[in-house]
Amino acid sequence: MILENKKVGHILEATILITEANLTNAEQFKQEMFDLINKGNQHISLNFVRVTYIDSSFLGAMVSSLKHALGKGAEIYLTDLKKDIIDLLRLIRVDKVFKIYERINDITGA
Amino acid sequence: MAEGKKKILLVDDNLFLLGLLAKAFEHEGFTAFEAASAEHALLLLEKERPEIILSDYEMPGMDGFAFRKHLLGNATTKNIPFVFLTAHNNTELVMEGLDELMAVDFIDKGTPVQVIVAKIDNLLSTVREKQALSLLELRKAAEAINVKSVPAKTPTINGFEIDFWHKPYQGYPGGDFIDFIRIGTRYTCVVLGDVMGKKWTAWFFTFSFLSYIRAAVRFCVSSGEYDPAVILQKTNQVVCEDEALVDVLSSLSLILVDEQTGHLAYAGAGDLPLLYFNSAEGVLTSIKTSGLLLGLFSSAKYDATSITLQKNDQILIFSDGLIESVAADRHTSNYGLFKENICPFLRHKNGFAAVKDHLSQTFTDATQADDCSIISIIKK
C-alpha cells in the first residue's frame, strides 16, 4: 500500500507513505487512486507530508488520476507539499489543474 | 540497466539465520534488507527496490506463499525475482511455488550459507545478463527499422547556430524527443518534448507525438498559420482524441525560427520555462508560457511569445532531467540551481560547448535521474 486513507469529515485523506515518488511506485499509486475514485469517493485529499521528491512518471500517474476523477465528478486536492515540489508543479503549470492547499483544514468548497 | 551494488531482501522469522544470511551477503558486496516477517517485508518494499527476494516459506502470520501471491498482485513488485528458502522438500509444494507462483528457485534451508550466497549471486548474474540481452535486442530492432526520437545531427539555419545535447537515462531510449522540422526555405520548427514516464514505455510513445507534431506543423502551414501556439493546440487536440494515448502526457517546447526576419516564436506545453541569455549584459532570464501538458484537456489553450535576439544572444530549451539529480541516494529537483550553474559557461566564447562538457561531467549514470536534453539556439 502506498496510500494510508482516513476520513476527515466528508473528505477522504490519502497520505502518501513513500518519500521518493517515482517510476517504481507510480503504477501502484495510480491503481490505488483509481480504486478510491471507483469506490465513489468524491473528495480525495492527497497528503504529501512524507514526500520529498516526485519524478515525471509519478506526476503522470497523479494527472491520470485527476483525469479519471474529473470523469467521475470527483475532486482531488493536494496538501502538505514541500516547497521544492510546489515549485516544480508551478514551473510546469500543473498547479493550474490541481487544487493545492497548505493543509486539509484549508480546503474550501468541498 | 542498474549496475553497482546488488540489493537483496531477506525474509525469515528465524532471526539468527536472518542475521547470518545478511552478514554473508554483505560480505559478498550485497546490500541486504532484513525482514523478520512477510508483513515487515511488504513495508520495506514500499521504500526499497531489491533486485531479488529470498524468503522463508513457513512463517507466523503471512506465510511465504501468501507473501509471494501478494507481490504478484502488485505492479511494482511482481517482476522482482523471488527464491524460496525452505526446509520443505515436498515435491508438490515445490512445483506449486515454481509453476503457479513463478518463483525462480527453491533453496533447501540445510544448504551451507556460502553456497546459498553463491547460488543467488549466479542467479542474479543470469537475470542481469538476460536483461542486457533484451536491451540489446530492442536497440537492434529500433536501429533496424530506423526509428529515432533524437536526430543524428543538427540542422543548418541561416543566421543562427543550433546545437543540442542529449543523454538517455541509464542508456535506455526514453521519453525525451527532439525534432527540427524544415518548412519551406524560410522557417524551421525546433521541437523538444518529454513524454512522462521512463525508458521503453515512454520511448514507444515519443513516435506518436513526433508524428502528430509533424502533421500539425504541415496542416497549419498549409492554411498559412505560422504560429507555434496553433500548432500546439492542433497537436493537443489530436493527442486527446487518440485512444492509444489515453493517460499518456507530454511536455513540449516549440520554437518557430524565421530566417528572414530573425525572429523566434515560442509556445510551450507544460515545459520548463526556457532560458534566454542576453550576451551583451551576460544575464540569463526565464521566459514562461501558460500552456498545459499535451494530452491533459482537449480544450487547453496555448499562447505564443515572440523573441528577438541580438547577435550572440542565446535561447535554451531543456527537459526536466537537467534540473534533477541524485546524490547520496536522494533525488532533488531544482530549476534555479541549474540556471545558476550553467550561466557562467554561457559567458564564455563557445559557451554551449562548455555547457555540454559540464553536463557530460555532471550527469553520470550514478547522478542522472531521468533523460536529459537541451537545445541551444544562438543568433549569429
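Readers should treat all values here as calculations from the given coordinates under stated rules, not as data from a laboratory. What you see is a predicted model; the values in this text were computed from it and never measured. Here the Cβ is made from the backbone with ideal geometry for all residues, glycine too, and neighbour counts use every protein chain on show.
Summary of computed values
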item	result
Degrees, to the nearest 10: B:199-222 long Cα axis against longest axis of chain B	20
³J(HN,Hα), Karplus 6.51/-1.76/1.60, whole Hz, each residue of segment A:34-40, x for Gly, Pro	4, 4, 4, 5, 5, 6, x
Sequence-distant residues sharing a close amide H with A:LEU78 (under 5 Å, placed H)	A:LEU46, A:LYS99, A:ILE100, A:TYR101
Rounded to the nearest 20 debye, dipole of segment B:283-380 from Cβ charges on Lys, Arg, Asp, Glu	620
Within chain B, longest stretch clear of exposed GluC sites (Glu not before Pro) (DSSP loop, no more than 11 other Cβ within 10 Å)	B:4-280
Hits among lysines - C-alpha to C-alpha of A:LYS72 under 16 Å, sequence gap 8 or more where chains match	A:LYS30, A:LYS39
Inter-chain Cβ neighbour average for residues A:89-95, partner chain, 10 Å	6
Relative contact order for chain B, counting Cα pairs under 8 Å that sit 6 or more residues apart, in percent	13
Cα gyration tensor, segment A:9-58 - rounded (a/c under 1.5), prolate or oblate	oblate
Number of partner chain Cβ atoms within 10 Å, mean per residue of A:13-25	4
Positive-end residue of B:VAL221, B:LEU135, B:GLY197, charge dipole of segment B:117-230 with Cβ unit charges	B:LEU135
Only Lys, Arg (+1) and Asp, Glu (-1) charged, at Cβ; chain A dipole about Cα centre in debye	300
Net lengthening on full extension, B:LYS148/B:LEU136 (0.36 nm per residue, minus Cα-Cα)	2.8 nm
D (Stokes-Einstein, µm²/s), Kirkwood Cα radius, the protein assembly as shown, 1.002 mPa s at 20 °C	87
Separation of the B:THR126 and B:VAL246 label points, Cα + 7 Å toward Cβ, nm	4.0
Alpha carbon centroid spacing (whole Å) that separates segment A:22-82 from segment B:131-171	33
Whole-number percent relative contact order across segment B:6-143, with pairs defined as alpha carbons under 8 Å at least 6 apart	21
B:ASP313 long-range amide H proximity, modeled H, under 5 Å	B:SER279, B:LYS379
Segment B:THR332-B:LEU15, extension gain: residue separation times 0.36 nm, minus the distance between their alpha carbons	110.5 nm
Projected label distance in nm at B:LYS78 and A:LEU70, using a 7 Å step from Cα toward the beta-carbon	2.9
Hz values of 3J(HN,Hα) by residue in segment B:170-178 - Karplus curve (6.51, -1.76, 1.60), Gly and Pro given as x	6, x, 8, x, x, x, 6, 9, 10
Residue-by-residue Karplus 3J(HN,Hα) for segment B:227-235, coefficients 6.51, -1.76, 1.60, Hz, glycine and proline x	10, x, 5, 5, 4, 4, 4, 5, 4
Quarter of the Cα convex hull surface for chain A, i.e. its orientation-mean projected area (nm²)	6.0
Other protein chain Cβ atoms within 10 Å, averaged over every residue that makes up B:312-324	1
Relative intensity, log₁₀ I(q)/I(0), of chain B from a Debye sum that treats every alpha carbon as a point, q = 0.11, 0.13 Å⁻¹	-0.84, -1.02
For segment B:289-322 versus segment B:213-227, the gap between their alpha-carbon centres in whole angstrom	17
Projected-area average for segment B:246-380 over all orientations - Cα convex hull basis, square nanometres	9.4
Highest-MSF residue in chain A out of A:ILE92, A:ILE18, A:ILE44 [GNM, Cα springs under 10 Å]	A:ILE92
